[in-house]
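Participant: My structure is below; once you've seen it, I'll send some questions.
Each value in this text was obtained by applying a stated rule to the coordinates, not by laboratory testing. These figures come from a predicted structure and were not determined experimentally. Positions of Cβ are generated from backbone atoms using ideal geometry, with glycine treated the same way; all protein chains shown enter the neighbour counts.
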Amino acid sequence: MTAVIDAYDAALFDLDGVIYLGPHAVPGVAEAITALRERGVKLGFVTNNAARSPQAVAEHLQELGIDATSDDVVTSAQAVARLMAAALPAGAPVLVAGTPALLAEIQAVGLAPVASSKDHPAAVVVGYAPQLTWADLNDASFAVQAGAVWYGCNPDRTRPQVEGQAIGLGAMLDAMRVTMPEQEPILAGKPRRPLLDETLRRLGAKHPIFVGDRLDTDIEGAHVVGIDSLFVLSGSHGVDELLAAPPEQRPTYMAADISGLLRPAVGTGDGPLDDLWRSALAAWREAGPRGTDQETRQP
């Protein structure tokens, strides 16, 4: 039987929860990436996390034994910077609430970072950063309330870590919404198009598959851009969330981890889609992740 990946010319991977959990690789990921490269599959590492530069991400991947360069990495910081450059005049002042990596991407597209709402920014961009404080979020809110256009790198409310689920940028944006419920940020990360569109453009992929661990960002994002997806159980969401997923968050395939791309898929047979979906997922849940040792399931 052919492997799932044999139907595709490229594989796009989310990072947190798919390739690694915090500083540690998901078991078996390096070997799977090597096998995919040996098949000639184009690979792209796509992350909603705007905290690190593509070079820093690539170096982390290399430390984990994964063959990658900065050209293989696309971040939401890059996507939001491109989005802002298309909408704002060159040299427009932008309040950056995020890491130096996000600030560098804003500078790279010809916009001018400023330090405070008192600098009268034309726009505000917020990205996840461990050092962000309530004072930073308040100041960003003040700028938006004063008329600045509000951008956010991604909507992820949580971040998978080895210890459990940590607070993500989406929760920080929720905190800002409390002060201005009539406002919504313009988002670049999944499930919105900009990040995946940028990745597909860079890879020149004709028939890619996206691999992710979050239904509301990764899998829904694949639906938004019209590509197939593999949902893996190594990160944020599990079978309980999958059972409750609306149609726009249902993956094409599901597996324990990315090695599912290298295994054959099992067809669903005939019958009403909803019944097939529930019965396939119920069987998956009963079998547990070990059910992927021989196959990748297609709900």
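Participant: Quick one: work out the % antiparallel among DSSP beta bridges in the chain, nearest 5.
Facilitator: 15
Participant: Counting only helical runs of four or more DSSP H residues, what would the 222 nm mean residue ellipticity of the chain come to if each run contributes -39,500 (n - 2.57) and the total is spread over all its residues?
Facilitator: That calculation yields -10000 deg cm²/dmol at 222 nm.
Participant: As a test, work out the antiparallel percent of DSSP beta bridges whose residues both lie in the range 78-187, rounded to the nearest 5.
Facilitator: Among the beta bridges of the range 78-187, antiparallel pairing accounts for roughly 25 percent.
Participant: So, one more: Among Leu132, Leu261, Leu36, whose mean-square fluctuation peaks in a Gaussian network model of the chain (Cα, cutoff 10 Å)?
Facilitator: Leu132
Participant: Within the range 1-111, what percent of beta bridges assigned by DSSP are antiparallel, to the nearest 5?
Facilitator: Counting DSSP beta bridges with both partners in the range 1-111, the antiparallel share is about 20 percent.
Participant: Moving on to the next point. Would you work out the relative contact order for the range 35-158, in percent, from Cα pairs under 8 angstrom that are 6 or more residues apart?
Facilitator: 25
Participant: Between rounded, prolate and oblate, where does the range 90-175 land on the alpha carbon gyration tensor, with a ≥ b ≥ c its root eigenvalues, rounded for a/c under 1.5, else prolate if a/b exceeds b/c?
Facilitator: It is prolate, given that a/c is not under 1.5 and a/b is the larger ratio.
Participant: With a 10 Å radius around each residue's Cβ, average the other Cβ atoms per peptide and rank 48-58, 189-199, highest first.
Facilitator: Sorting 48-58, 189-199 by mean packing, highest first, produces 189-199, 48-58.
Participant: To continue, here is another question. Over all directions, the average projected area of the alpha-carbon convex hull for the range 57-208 comes to how many nm²?
Facilitator: Projected over every direction and averaged, the Cα hull of the range 57-208 covers 10.1 nm².
Participant: Of Val126, Ala104, Gln165, whose Cα points farthest to the positive end of the dipole of the range 78-187 (charges on the beta-carbon: +1 Lys, Arg; -1 Asp, Glu; origin at the Cα centre)?
Facilitator: The Cα lying farthest towards the positive end belongs to Ala104.
Participant: Out of these labelled values of semi-axes √(5λ) of the Cα gyration tensor in Å, [x] 32, 28, 24; [y] 26, 24, 19; [z] 35, 20, 17, which was calculated from the coordinates shown here?
Facilitator: [z]
Participant: Compute a Gaussian network model of the chain, connecting alpha carbons closer than 10 Å, and tell me which residue from Ser117, Ser229, Ser76 fluctuates the most.
Facilitator: Ser117
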